[in-house]
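To keep things clear, I will list the structure first and then write my remarks on it.
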Amino acid sequence: MSRAANGPERGLLCALDDVPDGGGHGVPDVADVADVSDVPDVADVSDVPDVADGKTDLAANGTATGAANGASRDGIDPSCAIVIVRRGDDAWAYRNVCPHFSIPLNYEPDTFWAYDAQWLMCAHHSAMFRFEDGMCVDGPCEGAALTAIPVRIVDRKVFKRDNEEET
Ligand code: FES
């Protein structure tokens, strides 16, 4: 699926099915995408491995989205500026910045660890963040929270919600 900056696809982050059920997936922030032709297509859901043993390793499938841009800016890989977590038909999005050391939650490109379809784990010091609100419930930054990116899901696509849109 390609992103478009304007029109009905404005704010599109990815297809819901690009996010493994019970796992996480990194995407660029649409606000950072100056030229949509620079953005690689999001991986097909068939490329994403099934959740096994309560955790998902997206590195195993060589997902193009995470590794495409490579270079980081202030330690943040722009191709994974936002992490989306999913449980069934629900999805939540957060800035990919751990509140512990202000570094990305992932260590490998587009590789996010999730447990029991409930918690997103930082790869560095194992802080566990609740899918629903990004709150750290266990780990060195317990009580801190990820920065939420408001999203809406339409036709199984995840869109970044505009500031002026109702919450
Ligand atoms: S940097 Fe995330 S838990 Fe330490």
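The values are calculated or read from the model by the stated rules, or taken from the named source; none is laboratory data. Bear in mind that the values here come from a model prediction, so they are computed numbers and not experimental data. Cβ: placed from backbone, ideal geometry, glycine included. Neighbour counts: every protein chain shown.
When region 82-135 is examined, which residues are found to be among the small types (Gly, Ala, Ser) and away from the ligand (no atom under 13 Å from the Cβ)?
Of the residues in region 82-135, the ones among the small types (Gly, Ala, Ser) are 88, 91, 93, 102, 114, 117, 123, 126-127, 134.
Within region 82-135, GLY88, ALA91, ALA93, ALA114, ALA117 qualify.
Say we look at region 136-147 and pick out the residues that are under 18 Å from the mean Cα position of the chain (by Cα) and within 17 Å of ALA114 (Cα to Cα); which of these is nearest to the ligand (Cβ to nearest atom)?
Checking each candidate, the answer is CYS136.
Residue pairs, Cβ under 9 Å, 6 or more apart or interchain, first in region 102-127 and surrounded by fewer than 17 Cβ atoms within 10 Å (Cβ to Cβ), second of a type in the set (Asp, Glu) and part of a strand (DSSP E or B). List them.
Cβ pairs passing all conditions: SER126/ASP138.
Checking the conditions here, which among ARG161, ARG152 is away from the ligand (no atom under 16 Å from the Cβ) and at pLDDT below 95? Talk me through it step by step, then tell me what you get.
On the way: ARG152 fails: at pLDDT below 95.
Going through ARG161, ARG152 in turn, the sole match is ARG161.
From the list ASP133, ASP110, which residue is at pLDDT 90 or above, touching a Leu at 6+ places or on another chain (Cβ under 7 Å) and not polar (S, T, N, Q)? Working first, answer last.
Details: ASP133 fails: touching a Leu at 6+ places or on another chain (Cβ under 7 Å).
When all the criteria are applied, what remains is ASP110.
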